[in-house]
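A short worksheet on the structure shown next.
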Amino acid sequence: MRITGRVFLAAAVTALLLLLAAGPAAAQDAAVEGVAPAAEEIAASARAKEAAVLAAELGQLRAKISTLESRIADQTLELKTKDDAIETLDMIVKEKSQKITDMQKEVTSLQAKGSLAAEEQASKANARAIELEKQIEKLKMDITAQKSKRAALEAKAGDADKKVQELNTKLEKRTSDDQKRRIQKTEHALKVAEEELMKVQLETTTKAKQLREVHGAWLPPWLATHAVRSMEVMSNHWNEHGKPAVDSLLQKAAEKSAQAKKWAEPHLETAKTKWMPVAKEKLVTLKKNAEPYVQMVSEKSVEVYQTSNDFIRPHLVNAHKAADPYFQEAKKLSKPYIDQIATATKPHVEKIRTTLKPYTKRARHVYGQFLVTATRYHQQAQATISDYLHQHEFTKQFVTEELVWYLAAALLVMPIFVLYTLLIDTFCTKKQKKKTPRSSNANHVHRRHKRRHADK
C-alpha cells in the first residue's frame with residue numbers, strides 16, 4: 001500500500017509540472033495574434049527562453065524523481081527483509097510458546113508425582129526418626145552406666161595414687177643417701193669423660209688438618225721430598241751437562257740448516273724449471289697406465305675376499321657351535337671362584353680407591369689441561385707447516401691433511417725425544433770395565449821348563 005501511494009504522488013507531481021509549463025505558452029499564443037510582426041519575434045525569443053528554463057526545470061525534476069524511485073526501491077527491499085524477519089520471529093515465538101506449554105504440563109505432572117513421593121519420604125523419615133530416638137535412649141542408658149563405672153574407677157585410682165605417694169616418700173627417704181653418693185660419682189665420671197672427649201676432639205682436629213693438607217697436596221710428603229731432591233739433582237746435571245750440549249747442538253743445527261738452504265736454493269730452482277714438468281708428465285702417464293692394473297687388482301682382491309669369507313664362515317660357525325658348550329661349562333665352573341676373588345678383593349679395592357681419589361682428581365685436571373695445550377700447539381704447528389709447504393711448488397702437490405698432521409706430531413715429539421736421549425746419555429751412562437787381554441793359554445798354569453844338564 002505504501003509503495004502504490006508513493007507512485008501515485010509521483011505521477012500527480014509530473015502532471016502538475018506539465019500543466020504549469022503549458023498554461024503560459026497558450027496565453028502567449030492568444031496575445032500574439034493581435035500584435036504586430038515585430039512583437040511576434042520578441043515573443044518567440046521570450047518563449048524560447050522560457051522553454052529552455054522549463055526544460056532545465058524538467059530535467060531537475062526528472063533527476064529528483066529518479067532518485068526518489070531508487071530510494072523507494074531500496075526501502076521496499078528493506079521492508080521485504082524486515083517482513084521476512086518478522087515472520088521468522090513469529091515462527092520462533094510460536095515454537096517457544098508451544099515449548100512453554102509443554103513444560104508447564106510436565107511441571108504440573110511432576111508436582112503431582114512429587115507430592116506422592118514426598119508423602120512416602122515423610123512416612124519413611126518418621127519411621128527412621130522413631131528408630132533413632134530409640135537408639136538415642138539406649139545410648140543415654142549406656143552413657144549413664146559408663147559414667148557410674150568411671151566414677152568407681154576414679155575412686156579406685158585416687159586410692160592407688162595415695163598409696164603410691166606414701167610408698168614413694170618411704171623409698172625417697174631410704175634411697176636419698178645412696179642416690180647422692182651415686183650422683184657424685186657420676187658427676188666425677190662425667191667430668192673425666194668430658195676431659196677425654198676434649199682431648200680426642202683436639203687430636204681429631206689436628207689429624208683432620210694434616211689429612212686435608214696431605215689430600216690437598218699433589219703428592220704425599222715423603223714422595224714430595226724425594227721428588228724435590230730428584231729435581232734438584234736433575235737441574236744440577238742439566239745445568240752442567242745438558243744445557244751446554246743442547247745449546248751447541250742447536251747452534252750446529254742452525255748453521256747446518258743455513259748451509260743446507262744455501263746449497264739447496266740452486267738445486268730447487270733447477271728442479272722447478274727442469275725436473276718438475278718432466279715429473280708431472282711421468283706421473284700422468286703412470287696414472288694412465290696403472291689405472292687398469294689397479295682396477296684389476298681391486299676386483300680380484302674383492303673376489304678373493306668374498307670367496308675366502310664364504311669358505312671360512314661355515315667353519316667358524318661350526319667351531320663356535322662346538323666350542324660354545326665348553327665355554328659355558330668353563331664359565332659355570334669359574335663363576336664361584338671369580339665371585340670369591342671379587343668379594344675378597346672388594347674392600348681392598350675400595351680402600352685403594354678412597355686413598356687415591358684426591359690424587360686421581362688432580363691428575364685428571366692436569367691431564368685435561370695438558371690435552372688442551374697439546375691440541376692448541378698441534379694446531380699451530382699444522383698451520384705453520386701447511387703454510388711452509390704451500391710456499392714451494394714442489395711440495396704443494398704432496399700436501400694433505402694426514403701428512404701435515406703427522407709432521408706436526410713429529411715436530412712436537414722431536415724435542416721430547418732429544419731430551420730423553422740426552423738425559424739417558426747423561427744420567428744412565430755405565431762405566432765400562434777395561435777388559436784385560438787374555439791369551440789362549442791364560443787358564444793354564446805357567447810351568448817352568450826343566451833344565452837339561454849336559455852330563456845326563
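Oblate is the label for the stretch 217-424, because a/c, from the alpha-carbon gyration tensor with a ≥ b ≥ c as root eigenvalues, is 1.5 or above and a/b does not exceed b/c.
Relative to the current alpha-carbon distance between Leu371 and Ser257, full extension at 0.36 nm per residue lengthens the span by 37.9 nm. Legend: ranking of residues Asp425, Asp310 from fewest to most surrounding C-beta atoms inside 10 Å; resulting order Asp310, Asp425. Checking the Cα-Cα distances for Lys331/Lys351; Lys256/Lys396; Lys274/Lys300; Lys252/Lys361; Lys262/Lys282; Lys199/Lys351 against a 32 Å cut-off, the pairs over it are Lys274/Lys300; Lys252/Lys361. In terms of its C-alpha gyration tensor, the stretch 230-352 has an oblate overall shape, because the principal axis ratio a/c (a ≥ b ≥ c, square roots of the eigenvalues) is not below 1.5 and a/b does not outweigh b/c.
Readers should treat all values here as calculations from the given coordinates under stated rules, not as data from a laboratory. Keep in mind that this is a model prediction, so the values were computed, not measured. Don't worry about glycine lacking a Cβ; one is built from the backbone with ideal geometry, like all the others, and counts go over all protein chains shown.
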